[in-house]
Every structure is written in structure tokens, then in C-alpha cells.
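Undergrad: Please see the structure below; I have some questions.
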Amino acid sequence: MSTNDIIEITTWFLQFDADIPSHVAWPDKVQLVEAEIASPELNQFMFRTVGGPWRWFSRLSWTYQQWLQYLTQQQVRTWLLWVKGTPAGYVELLKHDDGSVEIKFFGLLPQFIGQGLGQPLAQAAVMLAAQWQATKIWLHTCSADHPSALKNYQRAGFTLTHSETTQEALPQLNDGRILAADFVYSALAYHAENAG
């Protein structure tokens, strides 16, 4: 049985105000590659795996069709960070109607945290957003995210614009939604209907 923790969450909104990086120095056998084909399985996996330890919950209930619609009908781009051929993290950018680009989701899989990849990934995210002709580059993080997230974003050149405090029902780590059964069943049904 799963329950939620109702806790007070502070969400910080930040905007990039520094010089756009001109290049990113990746360690050997590390590369960032755009996933150019919309893949709900891929984005759902990265969201759940990167966000699981921090109890990202906003998309845990999304079905395959919701992911597919989001990835194909919005201006969304996704990049995967690879270390020695292994997925290590990702960046999801969302371009809004006002031309601003939000670093919507960003992070590393748990086993790659603490290896010096976070700052280069943040720099790359800013470069990619700028190359997408962003009128503004922004993101948000919250007090339930990685303890160093806010500090790391500020170190990368983001400045705080405002914050909000809300009460949120965060899933516990044993919450069945993290296993994404609704997504799996809806994906199987979608592929069965569209096989051929």
C-alpha cells in the first residue's frame, strides 16, 4: 500500500543571465546526443529513473498517449547523456509560445551523480536552448529535488527570479505509481492497436 507525504515545497524559478557557453568540455567517452525521434518509452523512463529518488511526481500518471501527444504536439526536444555507451542523464527542453525555452527536465541517473557531469550538462542545456533561438532561458527546481540543485544552477549562471511555496502530496519511494503500470499497460494497448 502506498501513501503520500504532504509536505511544504518551495519552488524556485531561475533565469539564465550569464554569457552563453561557447563549448562544453566532456570527459573521454562521454557524449550528449539528441533523441530526434519522439519516444514516450524513452522520456518516461528518463523522467522516472532520474526523478525517482527526488520523488518527481508530475508525470507518473501519464499514459503512453499523453506522452506521445506531449512529445509530438509541443515544441519539445530531448538529449541523452551517454557515458561509455550507457545512458547517464538527460535534458528535456520545452519551447513556449513567447519564444522562451524552459529546461523542463534535467538530471543524472543515480549512479552518475557526483562524477562531475552536472555542470557540463547544465552548460550544454544552456547552449542548446540558445541555439534554439530562445528569447529567454529558464527553469525551476524545488526543495524536494537534489540538495545541491539550486546552488548548482546558480553556479551555472542562473539567477533567482521568484519562488512559490505550496503543500504537495509527494509519493513515497514505495508508491506503486513509480512502477508506472498505467503507462506500461497503455503502451502495450497502443502498440497492439497499431501493429502491422
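Undergrad: How long, wide and thick is segment 50-115, going by the Cα atoms along their three principal axes, in whole angstroms, largest first?
TA: Cα extents, longest axis first: 36, 27, 21 Å.
Undergrad: What accessible surface, in Å², does a 1.4 Å probe find on residue 54, ignoring ligands, DNA and RNA and rounding to the nearest 10?
TA: Number for this one is 60 Å².
Undergrad: Suppose the chain between residue 37 and residue 10 were pulled fully straight at 0.36 nm per residue; how much longer would it get relative to their current alpha carbon spacing? Numbers along the way, then the final one.
TA: Numbers: separation 27, 0.36 × 27 = 9.72 nm, distance 3.44 nm.
My answer for the length gained is 6.3 nm.
Undergrad: So if each residue of separation counts as 0.36 nm, and I subtract the Cα-Cα distance between residue 94 and residue 170, what length gain in nm does that give?
TA: On the way: separation 76, 0.36 × 76 = 27.36 nm, distance 2.38 nm.
In short, 25.0 nm is gained.
Undergrad: Measuring from the lowest to the highest alpha carbon on each principal axis, how far does the chain reach, largest first, in angstroms?
TA: Each principal axis gives a Cα extent; for the chain these are 48, 43, 36 Å.
Undergrad: Ordering 155, 59 by how much accessible area each has at a 1.4 Å probe, largest first, what is the list?
TA: Working: 155 140, 59 10 Å².
The residues order as 155, 59, largest area first.
Undergrad: Given Cα positions, please report Rg to Rh for segment 1-62, the hydrodynamic radius being the Kirkwood one.
TA: Values: Rg = 16.9 Å, Rh = 15.9 Å.
On the Cα set of segment 1-62, Rg over Rh gives 1.06.
Undergrad: Could you give each residue of segment 153-162 its phi-based ³J(HN,Hα) in whole Hz, using Karplus coefficients 6.51, -1.76, 1.60 with θ = phi - 60°, and x for Gly or Pro?
TA: Result, ordered by residue: 5, 5, 5, 7, x, 8, 10, 6, 9, 6 Hz.
Undergrad: Can you give the FRET efficiency for residue 66 and residue 162, using 1/(1 + (r/R0)^6), R0 = 22 Å, r = Cβ-Cβ distance, to the nearest 0.05? Walk me through the intermediate numbers first.
TA: On the way: r = 29 Å, r/R0 = 1.30.
Rounded to the nearest 0.05, the efficiency is 0.15.
Undergrad: Taking the simple approach of a point 7 Å from Cα along Cα-to-Cβ for both residue 154 and residue 113, what is their distance in nm?
TA: 2.0
Undergrad: Can you give the calculated 222 nm mean residue ellipticity of the chain, where each DSSP H run of n ≥ 4 adds -39,500 (n - 2.57) and the sum is split over every residue, rounded to the nearest 500 deg cm²/dmol? Can you show the working numbers first?
TA: Working: 5 runs with 56 residues, N = 196.
Result for the chain: -8500 deg cm²/dmol, rounded to the nearest 500.
Undergrad: Per 5 Å bin from zero, what fraction in whole % of the C-alpha pairs of segment 106-196 is there, up to the bin with the longest pair?
TA: Result returned by the calculation: 2, 9, 14, 16, 14, 14, 14, 10, 4, 1, 0.
Undergrad: Additional query: For segment 1-111, state the semi-axes of the equivalent ellipsoid (square roots of 5 times the eigenvalues of the alpha-carbon gyration tensor), sorted largest first and rounded to whole angstrom. Don't skip to the end; give the middle numbers.
TA: Numbers: eigenvalues 110, 70, 62 Å².
Calculated on Cα positions only, the semi-axes equal 23, 19, 18 Å.
Undergrad: Separation of segment 12-40 and segment 94-124 by C-alpha centroid, Å?
TA: 6
Undergrad: While we're on this one: For segment 154-174 and segment 181-196, write down the distance between their C-alpha centroids in whole Å.
TA: First find each Cα centre; the distance between them is then 33 Å.
The values are calculated or read from the model by the stated rules, or taken from the named source; none is laboratory data. Keep in mind that what you see is a predicted model, and the values were worked out from it rather than measured. Quick reminder, even Gly has a Cβ in these numbers, built from the backbone with ideal geometry, and neighbours come from all protein chains shown. Ligands, DNA and RNA are stripped out before the accessible areas are found, and what is left, the full protein with its side chains, is counted by its heavy atoms. Shrake-Rupley method; radii C 1.70, N 1.55, O 1.52, S 1.80 Å.
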